[in-house]
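Down below is the structure, laid out as structure tokens.
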Amino acid sequence: MGIGTWAWGNKFLWDYDERMDEELQEVFNLAVNTGVNLFDTADSYGTGRLNGRSELLLGNFIREFPGSEQKRKSINIATKFAAYPWRLTARQVVLACKGSLRRLQCDQLAIGQLHWSTANYAPLQEQALWNGLVAMYEEGLVQAVGVSNYGPRQLEKVHSFLERKGVPLSTAQVQFSLLSNGPEQFEVKDLCQSLGIKLIAYSPLGLGMLTGKYSLKTLPKGPRGSLFRQILPGLEPLMRRLSTISQKRGKTVSQVALNWCLCKGTIPIPGVKNLRQAKDNLGALGWRLSNEEVLQLDAASKQISRGMIQNIFQTK
């Protein structure tokens, strides 16, 4: 399991406040000391003047990490580069990577990823982005490359392109959870398995809907509240099954939902904003749902009336 850092610097959706930074350092320290050392970020994470804030915080957290040098060296940072319309050449993607490295205060990324594909709206830009992945890999700026929000057909294309260039495609990110597990997600998962690509599951808790703490009477503020109001009424069969399994297992609803992602062979990257959430997420590790429990959750997931909306940049 890894940790997603979308919320770090995002005031609009996640109510980020700079006063959270001290506790976020503790979250980071706890994760690394527990053995969770993959942190996923992006150069666009943050809102307004805080764009890039997530990377800046991670750089500071690594520098201030009080643990051993061995654990510090085990930290893997995966960042994503936005397919902004002005990134039209491979060199501009390389410069974006170097900008992330400066904010992260490191010399090399574990994984450099494209945040989304432009195939749906600017297909001519796509090859420049792919060449950017090749260039940053060949220049040693990243240990590995990956993509995000690629559907099965486009994923196969980028894999073939990179393979011809001698660059392995290591990871692919998609929204994957009990609220987002349709045929296309499983097609991506099966393709990743056949091609040797690690599948990273983002939003594995459905933006918080799979934590069990929200209802129509207790909605989060802002855009999430509007989305939850539309989806929560149809989740009763799934939430009932999650609750039953969590009680039987002595686990929380969140831990069961995350463990389901692990059982499906993905690497979930739940977001955290405080130590309580971090400790809860870490409780998803070290055990496994039974095959019967996974099948029960699969069936309950199919009964929901409305799942998560897909990323607008998700390709076919």
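A quarter of the convex hull surface defined by the alpha-carbon atoms of the chain gives 15.6 nm² as the mean projection. Can you give the angle from 0 to 90° between the axis of helix 183-195 and the longest principal axis of the chain, with both taken from C-alpha atoms, to the nearest 10? Value to nearest ten degrees: 50. Computed about its Cα centre, the charge dipole of the stretch 176-248 is approximately 480 debye, with only Lys, Arg, Asp and Glu carrying charge at their Cβ. Kirkwood-type hydrodynamic radius, the stretch 1-140: 15.6 Å, calculated from all non-identical alpha-carbon pairs. The accessible area of LYS98, taken with all protein chains in place and a 1.4 Å probe, comes to roughly 70 Å².
Taking the DSSP beta bridges with both ends in the chain, the antiparallel portion is around 5 percent. Each Lys and Arg Cβ is given +1 and each Asp and Glu Cβ -1; about its Cα centre, the stretch 232-316 then shows a dipole of about 140 debye.
Under the rule of -39500 (n - 2.57) per DSSP H run of 4 or more residues, summed and divided by the residues of the chain, what mean residue ellipticity at 222 nm is obtained, to the nearest 500 deg cm²/dmol?
Estimated from H runs of four or more residues: -14000 deg cm²/dmol.
When +1 charges are put on Lys and Arg Cβ atoms and -1 charges on Asp and Glu Cβ atoms, the dipole computed for the stretch 147-277 relative to its Cα centre reaches about 600 debye. Over the stretch 255-316, the alpha carbon radius of gyration divided by the compact-protein estimate 2.2 N^0.38 Å works out to 1.31. Relative to the longest principal axis of the Cα atoms of the chain, the long axis of helix 236-249 makes an angle of roughly 90 degrees. From the alpha carbon centroid of the stretch 93-113 to that of the stretch 298-316 is 32 Å. Distance from the C-alpha centroid of the stretch 42-64 to that of the stretch 215-242: 29 Å, rounded to the whole angstrom. The protection proxy used here, the mean number of other Cβ atoms lying within 10 Å of each residue, ranks peptides 116-122, 301-307 as follows, highest first: 116-122, 301-307.
Specify the angular offset, from 0 to 90 degrees and rounded to the nearest 10, of the alpha carbon long axis of helix 291-302 from the longest principal axis of the alpha carbons in the chain. So the inclination is approximately 90 degrees. Legend: distances between Cα atoms for LYS71/LYS251; LYS213/LYS273; LYS157/LYS189; LYS71/LYS248; LYS248/LYS273; pairs beyond 24 Å are LYS71/LYS251; LYS71/LYS248; LYS248/LYS273.
Computed with every protein chain present, the accessible area of ARG240 is close to 130 Å² [probe 1.4 Å]. The candidates ASP190, ASP21, arranged from most to least accessible area with a 1.4 Å probe in the full protein assembly, appear as ASP190, ASP21.
The values are calculated or read from the model by the stated rules, or taken from the named source; none is laboratory data. Because the structure is predicted, anything quoted here is derived from the model rather than measured. Positions of Cβ are generated from backbone atoms using ideal geometry, with glycine treated the same way; all protein chains shown enter the neighbour counts. Please note that ligands, DNA and RNA were not included when accessible areas were found on the heavy atoms of the full protein model with its side chains. Shrake-Rupley method; radii C 1.70, N 1.55, O 1.52, S 1.80 Å.
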